[in-house]
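> Before I ask anything, here is the structure I am working with.
Nothing in this text is a laboratory measurement; each read-out follows from the coordinates by a stated rule. Predicted model only: the values in this text are computed from it and were never measured. Reconstructed Cβ throughout: ideal geometry from the backbone, glycine too, with neighbour counts over all protein chains shown.
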Amino acid sequence: MELRQIAKDVYACLQEDKGLGTSNSGLINRGGGLVVDTFWDLPHTRAMIDLYAGVWPAPPRRVVNTHYNGDHCWGNQLFTGAEIIGHRLCAAHFGKEQPQAMQMMSAMAASSDAAMAAIGKSFAGWDFAGIELTPPTTLFDEQMKLDLGGIVVDLLYVGPAHTASDVVAHLPEQRIVFTGDVLFRFCSPVGWEGTYAKWLEALDRLIALNPEILVPGHGPVCGVDGVRELKDYLVYVRAESKRFFDAEVPALQAAKRIDLGPYARWTQPERIIFNVERAYREFRGEPFDAPIDVVTLLHGMYEVQQARRHAG
Ligand SMILES: [Zn+2]
């Protein structure tokens with residue numbers, strides 16, 4: 001975990017991308033302070049707070065959650081007394097993920113089923129004990145402007161792209177965007193509710209903001225080249241998925257067979273199964289928030305990983 005200053009009074013707290021849950025956060029250290037996203041568990045969020053405490057004059061008055069996934073908001077309770085801000089659907093979907101369910105998933109590390117054990121092990125290093133879901137209570141729909149002692153922060157709704165509740169934090173004067181999971185960098189993306197079209201639209205919106213620095217939800221800080229690369233990935237995976245869909249190849253087989261080219265070097269390339277499944281749902285005309293069978297997809301990820309390992 002690293003604290004990096006990216007502008008005067010603006011910091012990022014970056015976690016090395018080790019797969020599941022290793023997200024990034026931001027701090028605008030003015031006007032009472034604003035933290036963009038907390039971490040997946042209390043120990044990691046405490047470590048973030050320790051890093052931020054090295055530069056902040058007092059605990060921040062505000063926290064914004066870019067979306068409802070636990071790795072962006074399950075540390076909220078540690079910001080006692082802070083105003084927690086998010087999209088209306090972030091609050092509405094907050095209970096979709098439950099800490100107890102994640103604890104059960106990590107306990108599967110001891111399973112005799114190799115796929116289940118692998119899924120369980122991917123939760124190693126996280127401790128979901130003691131988390132009390134603390135959803136945002138200051139809610140907005142399209143946008144919300146904050147003035148933090150002269151630093152303007154525009155919170156913009158760009159969903160449903162990665163989830164129904166995607167918000168980015170744009171600092172126009174500093175030309176910085178904290179993107180949440182609308183942007184993954186060198187890291188295979190996963191989407192929950194949303195469509196390819198809306199995700200691409202969200203990425204185009206990021207480019208149109210003309211930022212110099214983007215802090216992705218996962219992966220290292222980048223410029224707009226990072227946004228363009230993710231766009232290329234999504235366009236490519238959707239097109240390849242269409243080819244296999246039209247040939248009536250099941251999604252899991254397609255996920256094993258699509259040539260990932262340069263994207264094979266991104267972390268967790270096997271997450272492509274989530275993206276192929278999303279494409280197939282769209283080709284079948286299902287709604288953007290059709291339910292996802294996460295356990296089956298995690299199992300599929302393991303199968304894709306094994307198949308790709310044996311192939312390469
Ligand atoms: Zn995330």
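> To make sure I understand the rule: partners must be aspartates and glutamates, Cα under 17 Å from the Cα of Lys198, and not fewer than 8 residues away in the same chain. Which ones qualify?
Those aspartates and glutamates meeting the cut-off are Asp141, Glu142, Asp166, Asp181, Glu229, Asp232, Glu277, Glu282, Glu286, Asp289.
> Oh, and also: Can you put Lys198, Lys145 in order, fewest other beta carbons within 10 Å first?
Lys145, Lys198
> In which sequence would Ser112, Ser106, Ser165, Ser188 go, from the one with the fewest C-beta neighbours within 10 Å to the one with the most? Before the final figure, lay out each step's value.
Details: Ser112 6, Ser106 18, Ser165 28, Ser188 24.
Listing Ser112, Ser106, Ser165, Ser188 from fewest to most nearby Cβ atoms yields Ser112, Ser106, Ser188, Ser165.
> Stretched out fully, how many nm does the piece from Val235 to Ala114 gain, at 0.36 nm a residue minus the Cα gap?
On the way: separation 121, 0.36 × 121 = 43.56 nm, distance 3.29 nm.
Taking Val235 through Ala114 to full extension adds about 40.3 nm, to one decimal.
> Report for the range 2-311 the percent antiparallel among DSSP-assigned beta bridges with both residues inside it, nearest 5. Walk me through the intermediate numbers first.
Working: 26 of 41 bridges.
The antiparallel fraction comes to roughly 65 percent.
> Relative to the first principal axis of the alpha-carbon coordinates of the chain, what is the inclination of helix 42-53, with its axis defined by its Cα atoms, in degrees from 0 to 90 and to the nearest 10?
40 degrees
> State the Cα centre-to-centre distance between the range 149-166 and the range 1-79 in whole Å.
16 Å
> Oh, and also: For labels at Arg4 and Glu173 in the simple 7 Å Cα→Cβ model, what's the distance in nm?
About 2.4 nm separates the two model spin labels.
> Suppose only helical runs count, i.e. DSSP H with n ≥ 4. What mean residue ellipticity at 222 nm does that imply for the chain under -39500 (n - 2.57) per run, divided by all residues and rounded to the nearest 500 deg cm²/dmol? Provide the component values of the computation, followed by the final result.
Numbers: 9 runs with 107 residues, N = 312.
-10500 deg cm²/dmol, from helical runs alone.
> Output the relative contact order of the chain, whole-number percent, from Cα pairs under 8 angstrom with separation of 6+ residues.
Across the chain, relative contact order equals 15 percent.
> Something else: Could you tell me how many degrees, from 0 to 90 and to the nearest 10, lie between the Cα long axis of helix 272-283 and the main elongation axis, the longest principal axis, of the Cα atoms of the chain?
The helix 272-283 is inclined about 80 degrees to the chain.
> Got a sec to turn the phi values of the range 292-301 into Karplus ³J(HN,Hα) couplings, 6.51 cos²θ - 1.76 cosθ + 1.60 with θ = phi - 60°, whole Hz, x for Gly and Pro?
Per residue, the Karplus-derived 3J(HN,Hα) values read 10, 8, 5, 5, 4, 5, 5, 4, x, 4 Hz.
> Let me ask you something else. Taking K and R as +1 and D and E as -1, what net charge do the other residues with C-beta under 14 Å from the C-beta of His67 add up to?
Working: positive: Arg88, Lys96, Lys198; negative: Asp37, Asp71, Glu97, Asp166, Asp181, Glu193, Asp289.
Residues close to His67 contribute a combined charge of -4.
> Another question about this same structure. Based only on other Cβ atoms within 10 Å, what is the fewest-to-most ordering of Phe140, Phe178? Mind showing how you got there, number by number?
Details: Phe140 17, Phe178 30.
Placing the least packed residue first, the sequence is Phe140, Phe178.
> List the lysines whose Cα sits under 24 Å from the Cα of Lys18, skipping any in the same chain fewer than 8 residues away.
Lys18 reaches Lys96, Lys121, Lys231, Lys256.
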